[in-house]
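A.B. asks: Would you mind keeping the following structure in view while I ask a few things?
The values are calculated or read from the model by the stated rules, or taken from the named source; none is laboratory data. Treat the numbers as computed from the prediction; the structure is a model and nothing was measured. A quick note on method: Cβ atoms are made from the backbone with ideal geometry, for glycine too, and the neighbour counts reach across all protein chains shown.
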Amino acid sequence: MGLGSKIRGLREEIGMSQAQLASQAELSQGYLSQIENDEVQNPSASVLFRLARALHVDPRCLLEAAGYRDVLGARPDMEYETPVDPDLLRFLARLSVEQQRYLLRFLRGMEREPAVKVG
């Protein structure tokens, strides 16, 4: 599977639009489209790392798909897992940026609050 197909597949798996991914990876949608259509032969490592972060995957997954086989000590037989549940990512992708920020503040507040004992 080529880099473009890999990125498109990961993006679709989490229900993210091309515009959303481009925004989160700080790329133009046109450039992302060119990458997904394999019109860009060698995107920079910086671009691949930003895409991996936005897709919530190990960067080696995209680096290997781009042809960088020995980067970061990656093994060809190594499996990659998304560290975030794809259903959660699909849900979050449907929320507006404002709603996502509100939810994040709420969740961070839950981390800081000590558990209340009901007696």
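A.B. asks: I'd like to verify a number: residues in the stretch 1-16 that are of a type outside the set (A, V, I, L, M, F, W, C), in a loop (DSSP other than H, G, I, E, B) and under 17 Å from Pro59 (Cα atoms), how many?
C.D. replies: Start the filter on the stretch 1-16 by keeping residues that are of a type outside the set (A, V, I, L, M, F, W, C), which leaves 2, 4-6, 8-9, 11-13, 15.
Okay, now just the ones that are also in a loop (DSSP other than H, G, I, E, B), so 2, 15.
With the extra rule that they be under 17 Å from Pro59 (Cα atoms), the set shrinks to 2.
The number of residues fulfilling the criteria is 1.
A.B. asks: Could you list, in sequence order, the residues of the stretch 1-47 that are farther than 22 Å from Leu95 by Cα, without any contact (Cβ under 8 Å) to a residue 24 or more places away in the chain and buried (at least 19 other Cβ atoms within 10 Å of the Cβ)?
C.D. replies: The one that is farther than 22 Å from Leu95 by Cα, without any contact (Cβ under 8 Å) to a residue 24 or more places away in the chain and buried (at least 19 other Cβ atoms within 10 Å of the Cβ): Val47.
A.B. asks: Using beta carbons and a limit of 9 Å, which pairs, at least six apart or on different chains, have the first residue in the stretch 73-102 and closer than 23 Å to Glu12 by Cβ and among the hydroxyl-bearing types (Ser, Thr, Tyr) and the second one surrounded by 13 or more Cβ atoms within 10 Å (Cβ to Cβ) and at pLDDT below 75?
C.D. replies: Between residues of the stretch 73-102 that are closer than 23 Å to Glu12 by Cβ and among the hydroxyl-bearing types (Ser, Thr, Tyr) and residues that are surrounded by 13 or more Cβ atoms within 10 Å (Cβ to Cβ) and at pLDDT below 75, the close pairs are Thr82/Leu89.
A.B. asks: Same structure again: Is it the case that some residue within the stretch 70-81 is at pLDDT below 90, under 15 Å from the mean Cα position of the chain (by Cα), over 25 Å from Arg101 (Cα atoms) and part of a helix (DSSP H, G or I)?
C.D. replies: no
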